[in-house]
Amino acid sequence: MPTRKQMPMLVVVAILFWAVATASIRWVPGSLTGPLRGGVLFVTSVPICWGCIRLVRWLARLRPDQVLAATTLVVGVATLIDAAVLRWAPFLYGTDEHVLRLGASWLLWGYGVTLLLALLKGRAAPAARSGIVLPVA
């Protein structure tokens with residue numbers, strides 16, 4: 001579990017990640033709506049999510065055993081912000097309903113991928129210390 005000193009940094013990072021994702025949906029909607037670009041965005045989100053986990057670990061100075069809980073906190077805060085904005089201020093994402101729907105699906109995808117990657121990382125950490133090799137698939 002993250003410490004009380006790490007929590008504020010994690011909340012700030014969640015807000016910043018949310019702001020970057022919101023700006024992407026608002027200012028580059030073609031990255032979601034194009035058939036090829038939309039698919040590429042989903043695929044490239046996987047390494048981006050992995051990079052975000054690593055960045056959070058570095059910024060908050062997390063130990064390996066804190067990564068899953070910290071990631072869950074960051075994703076939880078960003079998800080709550082997204083839900084509130086989609087409900088009460090969807091214009092922040094744009095005005096086109098198609099873009100809003102695709103943006104929401106991309107956000108959900110990113111949250112799911114991030115949580116799964118953190119879970120796999122957390123599962124692999126104890127095994128790495130013990131010398132056990134776990135299958136990824």
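No value in this document is a laboratory result; all are computed from the given coordinates. Since the structure is predicted, the reported quantities are computational estimates derived from the model, not experimental observations. Here Cβ is always computed from backbone atoms with ideal geometry, including for glycine, and neighbour counts include all displayed protein chains.
For segment 52-71, the set of residues classified as crowded, with 17+ Cβ neighbours inside 10 Å, under 17 Å from Ile15 (Cα atoms) and of a type outside the set (D, E, K, R) consists of Cys52, Ile53, Val56, Ala60, Ala70, Thr71, listed by residue number. Screening Leu62 on (1) within 29 Å of Phe91 (Cβ to Cβ); (2) part of a loop (DSSP other than H, G, I, E, B); (3) not β-branched (Val, Ile, Thr) shows it passes everything except condition (1). Residue pairs whose Cβ atoms lie under 9 Å apart, separated by 6 or more positions or on different chains, with the first residue in segment 71-100 and in a loop (DSSP other than H, G, I, E, B) and the second of a type in the set (Ser, Thr, Tyr), are Tyr93/Thr22; Asp96/Thr33. On inspection, Val56 does not qualify as in contact (Cβ under 8 Å) with a residue 60 or more places away in the chain and not small (Gly, Ala, Ser).
Cβ-Cβ contacts under 7 Å between residues 6 or more apart (or on different chains), taken from a first residue in segment 20-41 that is more than 20 Å from Val113 (Cα to Cα) to a second residue that is of a type in the set (Lys, Arg) and in a helix (DSSP H, G or I), are listed as Gly30/Arg37. Restricted to segment 1-51, and to residues there that are of a type in the set (Ser, Thr, Tyr) and over 20 Å from Asp96 (Cβ atoms), the residue that is surrounded by the most Cβ atoms within 10 Å (Cβ to Cβ) is Ser45.
Scanning segment 44-71 for residues that are among the acidic types (Asp, Glu) and within 18 Å of the chain's Cα centre (by Cα) yields nothing. Note on segment 72-123: residues that are charged (D, E, K, R), surrounded by fewer than 19 Cβ atoms within 10 Å (Cβ to Cβ) and either farther than 21 Å from Thr33 by Cα or within 18 Å of the chain's Cα centre (by Cα) (or both) amount to 4.
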